[in-house]
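Visitor: Before anything else, here's the structure in question.
The values are calculated or read from the model by the stated rules, or taken from the named source; none is laboratory data. Remember, predicted model here, so these are calculated numbers, not experimental data. As a convention, Cβ positions derive from the backbone with ideal geometry for all residues, glycine included, and neighbour counts pool all protein chains shown. For accessibility, only protein heavy atoms count, side chains too; no ligands or nucleic acids. Shrake-Rupley method; radii C 1.70, N 1.55, O 1.52, S 1.80 Å.
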Amino acid sequence: MANDDMELVRQYVTSQSESAFAALVSRHTNLVYSAAFRRVGNSQLAEEITQAVFTILAQKADRLNQKTVLPGWLYRAACYVSGHAIKQEFRRQRREQEAYMQSFSNQAEPEVWSQITPLLEDAMMRLGKGEREALVLRFFEGHSLKEAGTASGSSEAATKMRVKRALEKLRVYFSRHGVNSTAETIAGAMSANFVMVAPPTLAKMSTAVAVAKGSAASASTLTLIKGALKVMAWTKAKTIIAGAITTLLVAGTGTIVAIEIIHAVRMAFAPDIQGTWEGVAHLEEAGVRNGQAAQAHVVLRLFKTNGVYRATTDWPEWGKKDVRMGKVVYDYPNLIIQQSVRDNWNLKVNSHATQLFWDRYIHFIQPDPVRFTRTTAPTAVPEPLVESDFTPRPGSALQGYWEGKVGAGADAVPMDLKIAQQDDGTFQAEGDIPMQGIQGRPITVSYEPPMVEISPADGAGMFRGQINGSDTEISGSWTQGGQSMPASVRRVDYQAEHAHDADEDYTFTSKYDLQGHWKGTWIVPIAKTRTPIRQALDIAKLPDGSYSATLADVDGFGAEAPVPTSDFEYSPPTLHMEWKWEGWAYDGRLENGKLAGVWSEGGGGFKLVFEREN
């Protein structure tokens with residue numbers, strides 16, 4: 001078969017035989033179309049990709065070696081063109097590959113095939129050239145081991161070993177991505193499902209476009225051809241560069257020069273990562289059931305100006321939008337995004353920039369990798385509620401402002417709820433837990449009178465209770481991590497509860513005045529790096545001469561809202577503050593316009609100085 005394919009290629013090169021090329025296209029159209037369709041999940045785009053692949057074949061036919069295994073070459077080219085198509089036209093890329101496959105056929109597919117389909121082409125491209133060609137010939141072209149060996153110039157035994165080795169590599173790759181199966185099952189799934197029947201007119205159209213060297217192709221197909229040729233050139237360049245680097249190293253003429261060459265060439269061909277990406281991250285907070293974790297969507301936007309990338313993020317379940325990230329360092333395939341002075345995201349970019357893999361950990365030790373994919377319809381962040389949205393109104397038992405607590409006794413945690421009922425009867429709501437630095441967190445509300453269920457949008461627990469007959473109090477329990485505790489809220493007047501906010505006075509006239517805005521920094525070693533932890537302390541003087549204070553973790557994320565003190569004592573110049581729900585305390589003295597003292601947390605303490613902000 002290989003000799004037959006290359007004989008047809010020779011005829012096309014030497015005499016421009018359209019019939020010889022048409023025979024090649026007819027023979028391999030299904031192979032190329034199937035590979036393209038699995039990657040992009042769109043039949044129209046798969047047809048364009050198929051035309052582009054055969055056009056590239058026509059352009060490069062005179063450079064193919066006579067020993068080329070054409071099905072393997074075409075399969076690899078289809079993967080390159082498909083990857084470029086996803087990057088350039090991701091507005092049409094698949095949401096879930098399985099959904100598109102099911103819409104293509106009314107026949108139910110084996111479970112393992114629907115699971116491996118979205119991963120198959122990436123896994124195949126990670127195999128060695130000989131292993132990939134063996135699988136293409138054996139399963140995708142339907143040849144026996146003996147025929148596959150003859151086509152690739154190998155013995156039947158060698159081909160059998162290559163197939164076995166390649167299947168095991170696929171099994172390991174799928175397992176790492178959550179699909180557990182056996183090599184035999186994977187082989188059976190590929191044999192039964194790999195090749196799809198291309199549209200009947202596609203071979204003729206592809207032949208016409210290809211023999212015209214692309215002049216009859218549409219603008220979108222020409223774009224695919226240009227992008228894929230660049231990727232293929234980079235692949236060939238890597239092989240040449242590897243040889244040149246080896247020569248440099250063997251000659252002993254410069255390791256540094258070799259490294260610089262590798263870096264410069266790699267970045268010259270690095271795929272563009274601009275655009276909107278979305279993934280789902282598990283959180284450190286427990287979910288409702290024991291062993292369940294809360295989770296949140298993360299929308300990452302990457303922008304490039306004058307070759308420099310910058311990034312923002314949305315956290316819909318936390319109500320955070322356009323959060324500015326720090327420095328972005330893109331050294332393909334590595335991507336580092338600074339979230340704060342003490343937290344970097346380490347990501348990997350896949351070969352066609354269709355996925356980003358965030359190497360993330362929970363509690364510093366538990367791996368929780370996040371996969372980002374491109375999207376044109378990211379999860380939206382709810383608009384914050386304003387007072388008029390949740391002002392009580394007739395006909396709505398829940399709309400209003402509620403205050404309450406979770407737990408019992410002195411350690412009960414205060415919480416506030418803002419609930420707005422929409423015209424369609426659904427609810428938009430937010431929750432605050434001031435003593436934990438949580439403010440404006442979106443929550444979900446369901447109401448089947450008299451039962452009410454309220455949950456943070458990220459799934460970190462659930463409040464289930466019963467509303468009383470006057471619609472003024474909800475009593476029940478809070479469940480998180482499989483454990484329950486009492487919880488209740490009561491309806492209150494929002495304006496009355498915040499009437500004294502304007503009375504807080506932060507102005508000072510003397511360095512002996514305690515009120516004002518203060519900043520302090522303490523250093524903590526994180527991963528062998530001395531990392532600054534910045535604190536913002538705001539102290540207000542009230543009309544009766546007493547004080548109130550809040551503390552915010554400037555570089556914190558997710559719970560960085562100012563946390564009010566649970567205990568505040570000031571006997572000039574001595575100051576004592578506590579935040580009992582966070583386990584913090586500070587004992588200091590006001591001297592020479594500074595607060596100098598000891599910060600206590602987690603059973604330990606260290607010196608901390610606060611200075612006034614100008």
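Visitor: With a 1.4 Å probe and every protein chain left in place, work out the accessible area per residue of segment 530-588 in Å², rounded to a whole number.
Guide: Spelled out: the 1.4 Å probe surface of segment 530-588, per residue, equals 44 Å².
Visitor: Taking 24 Å as the cut-off for C-alpha to C-alpha distance, list the pairs among Lys164/Lys348; Lys129/Lys169; Lys327/Lys580 that go past it.
Guide: Among Lys164/Lys348; Lys129/Lys169; Lys327/Lys580, the Cα-Cα distance tops 24 Å for Lys164/Lys348; Lys327/Lys580.
Visitor: Which sequence of Asp411, Asp458, Asp493 reflects their accessible areas, 1.4 Å probe, from the largest down?
Guide: Order by accessible area, largest first: Asp411, Asp493, Asp458.
Visitor: Of the accessible area of segment 489-559, with the probe set at 1.4 angstrom, what percent is carbon plus sulfur?
Guide: 51 percent
Visitor: Taking θ = phi - 60°, what integer Hz values does the Karplus form 6.51 cos²θ - 1.76 cosθ + 1.60 yield along segment 530-545, in sequence order, with x for Gly and Pro?
Guide: 7, 10, x, 10, 8, 10, 10, 10, 10, 10, 10, 9, 9, x, 7, x
Visitor: Note down the net charge around Gly476, summing +1 for each Lys or Arg and -1 for each Asp or Glu among other residues with Cβ under 12 Å from its Cβ.
Guide: Working: positive: Arg464; negative: Glu453, Glu473.
Net charge around Gly476: -1.
Visitor: What order do Val32, Val13 take when sorted by accessible area (1.4 Å probe), most exposed first? Don't skip to the answer; put the middle values down first.
Guide: Details: Val32 0, Val13 55 Å².
Descending order: Val13, Val32.
Visitor: Near the amide H of Gly461, under 5 Å away, which other amide H atoms are found, from residues 5 or more places off or on another chain, if H is placed in the peptide plane?
Guide: Distant-sequence amide H within range of Gly461: Val288.
Visitor: Any chance you could run the full-extension gain for Asn334 through Asn592? It's 0.36 nm times the residue separation minus the Cα-Cα distance, nm to one decimal.
Guide: Full-extension gain reported as 88.0 nm.
Visitor: Same structure, new question: Quote the accessible area belonging to Lys169 in square angstrom, nearest 10, computed with a 1.4 Å probe and with ligands, DNA and RNA left uncounted.
Guide: Counting only protein heavy atoms, the figure is 100 Å².
Visitor: Further, regarding this structure: Calculate one ³J(HN,Hα) per residue across segment 460-475 by plugging θ = phi - 60° into the Karplus curve 6.51 cos²θ - 1.76 cosθ + 1.60, and present them in order as whole Hz with x for glycine and proline.
Guide: 7, x, 8, 9, 10, x, 10, 7, 7, x, 9, 6, 10, 8, 10, 10
Visitor: Turning to a different aspect of this structure: Taking 0.36 nm per residue of separation and subtracting the Cα-Cα distance, what length does fully extending Asn350 through Glu613 add?
Guide: Extra length available between Asn350 and Glu613 comes to 90.2 nm.
Visitor: Which percent of the accessible heavy-atom area of segment 124-197 goes to carbon and sulfur, probe 1.4 angstrom?
Guide: 50 percent
Visitor: In addition: What shape does segment 417-471 have by the C-alpha gyration tensor, where a ≥ b ≥ c are the square roots of the eigenvalues, rounded means a/c under 1.5, and otherwise prolate means a/b greater than b/c and oblate the rest?
Guide: It is prolate, given that a/c is not under 1.5 and a/b is the larger ratio.
Visitor: Report the extension gain between Glu448 and Leu542 in nm, rounded to one decimal, defined as 0.36 nm multiplied by the number of residues separating them, less their alpha carbon distance. Walk me through the numbers on the way to the answer.
Guide: Numbers: separation 94, 0.36 × 94 = 33.84 nm, distance 4.34 nm.
My answer for the length gained is 29.5 nm.
Visitor: Hey, another quick one. Can you compute the FRET efficiency between Gln292 and Ser470 using 1/(1 + (r/R0)^6), with r the Cβ-Cβ distance and R0 = 25 Å? Round to the nearest 0.05.
Guide: 0.10
Visitor: Then there is this: Label segment 374-526 by shape, choosing from rounded, prolate and oblate, from the square roots a ≥ b ≥ c of the eigenvalues of the Cα gyration tensor; if a/c is under 1.5 it is rounded, and otherwise prolate applies when a/b is larger than b/c, oblate when it is not.
Guide: prolate
Visitor: Return one whole number: the accessible area per residue of segment 393-445 in Å², for a 1.4 Å probe.
Guide: 42 Å²
Visitor: From the phi of every residue in segment 160-176, what ³J(HN,Hα) in whole Hz does the Karplus formula 6.51 cos²θ - 1.76 cosθ + 1.60 yield, where θ is phi - 60° and glycine or proline is x?
Guide: Using θ = phi - 60°, the values come out as 4, 5, 4, 4, 4, 5, 5, 4, 5, 5, 5, 4, 5, 4, 5, 4, 5 Hz.
Visitor: How large a share of the accessible area of segment 338-429, in percent, is made up of carbon and sulfur atoms when the probe is 1.4 Å and the other protein chains stay in place?
Guide: 51 percent
Visitor: Explain nothing, just the number: dipole magnitude of segment 316-375 about its Cα centre with +1 on each Lys and Arg Cβ and -1 on each Asp and Glu Cβ, in debye rounded to the nearest 20.
Guide: Its charge dipole is roughly 140 debye.
Visitor: Continuing with the same structure: Not counting ligands, DNA or RNA, and with a 1.4 Å probe, what is Phe357's accessible surface area in Å² rounded to the nearest 10?
Guide: Spelled out: Phe357, probe radius 1.4 Å, area about 60 Å².
Visitor: Can you bin segment 318-381 into rounded, prolate or oblate? Criterion: square roots of the alpha carbon gyration tensor eigenvalues sorted a ≥ b ≥ c, rounded for a/c under 1.5, prolate for a/b above b/c, oblate for the rest.
Guide: It comes out rounded by the Cα gyration axes.
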